[in-house]
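One structure is given here, and the rest of the page talks about it.
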């Protein structure tokens, strides 16, 4: 039902959104012709759907939940998964060691999480719409960053649930009562979160092209988190160019909100949340505060994202700092230029501002792969930012690998390149498949949409 709405380009009414998407890792069969181990996950799914139907006023035939076992062969599994992730109200990951080793599960997580992040930014709320469940207990040290940061208390589902997980409760006959309690509590949590968050639907993604929220393929779950730095070159409301509206600015460059009024949060915080969902630890700072501390002779210590407001070059001192930064090539720094096409002041001076920024930073603006150049040409909205930022992060990470060195203690005889796993499943430098990102209505050219170059 919801797929037909998305094919027509419309939003899906809340009444036909699936209450939950059950995300789980497929367990391989043991031996030829052995029983299907995922039959127990399907039983859990059916039990959850029954409880959700009982706890809500969903009409007959509604989609209480979604799991990929319902996709028939040849039905277009990618389209169905993308549509479900774009419309479900709650994301329910089944935690297990196999789950966090699954690249596909990580892709499902990121596809849903970036939609929730965008909803939170648009409504200035914490859209916590991920409700995890323990299929098999996982030691905290094995949890990747996005899972570790979830504020969720599993103890409310029962002590035996915490020690054995749903798989143990469902398999051991003596724990039938504990299983029923845990599933009922989980269903109540799903309904409560769905009704309180009321997540907006979005256009579906081909989730095969999005990154994994757990890091690259082959990474050790719960391993050392990668680091990335975000800096913002933007004005504040205290030093705006003449005639520039202060509604997009705050007391710091980090308060710059180019997507106002569609967004109620600064772009730096939106970018930070998206990068953290790629299993990074992030730091943020104003470019103006850092400009006097750049040392081009020292090797980089982390990849970086520089978010630039085109209006920033209107200030002569800031323009000089950006130009000086550009004189020393830093390919491990990827540039993102948010550009709101509904900001009438910016549209009126677009040609002039574009030219000034390109003249100020010709090296930095023109370097990198196609996605980086598109991001530097102007990212038109929050949705496009969520789709293109993973590629920009990957490019910065790969360039960091090429240029960074780890120096041994004094008197050491050699240098060694660091081993940083990129966010898109790459180890070390190498090509990558571009991530598709949506185009705005009426604009069929994806690259043009991402850069908003008309």
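What the table below lists for this structure:
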read-out	value
Qualifying residue in region 230-238 (condition: at pLDDT below 90, under 23 Å from residue 350 (Cβ atoms), assigned to a loop (DSSP other than H, G, I, E, B) and more than 27 Å from the chain's Cα centre (by Cα))	no
Residue within region 169-190 that is closer than 22 Å to residue 386 by Cα and surrounded by fewer than 19 Cβ atoms within 10 Å (Cβ to Cβ) present	no
Matching option when the condition is buried (at least 20 other Cβ atoms within 10 Å of the Cβ), modelled with pLDDT of 90 or more and assigned by TED's automatic domain parsing to the domain that holds residue 136, among 101, 54, 84	84
Enumeration of residues in region 122-152 that are under 21 Å from residue 45 (Cα atoms) and more than 22 Å from the chain's Cα centre (by Cα)	134, 135, 136, 137, 138
Elements of type helices (runs of 4 or more DSSP H) contained in region 99-189, each with 3 or more residues being touching a helix residue (DSSP H, G or I) at 6+ places or on another chain (Cβ under 9 Å) and farther than 28 Å from residue 216 by Cβ	159-171
Residue in region 60-72 that is at pLDDT 85 or above and exposed (fewer than 12 other Cβ atoms within 10 Å of the Cβ) present	yes
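The values are calculated or read from the model by the stated rules, or taken from the named source; none is laboratory data. It should be emphasised that the depicted structure is a prediction, and the values quoted were computed from it without experimental measurement. Glycine gets a Cβ as well: all are built from the backbone with ideal geometry, and neighbour counts include every protein chain shown.
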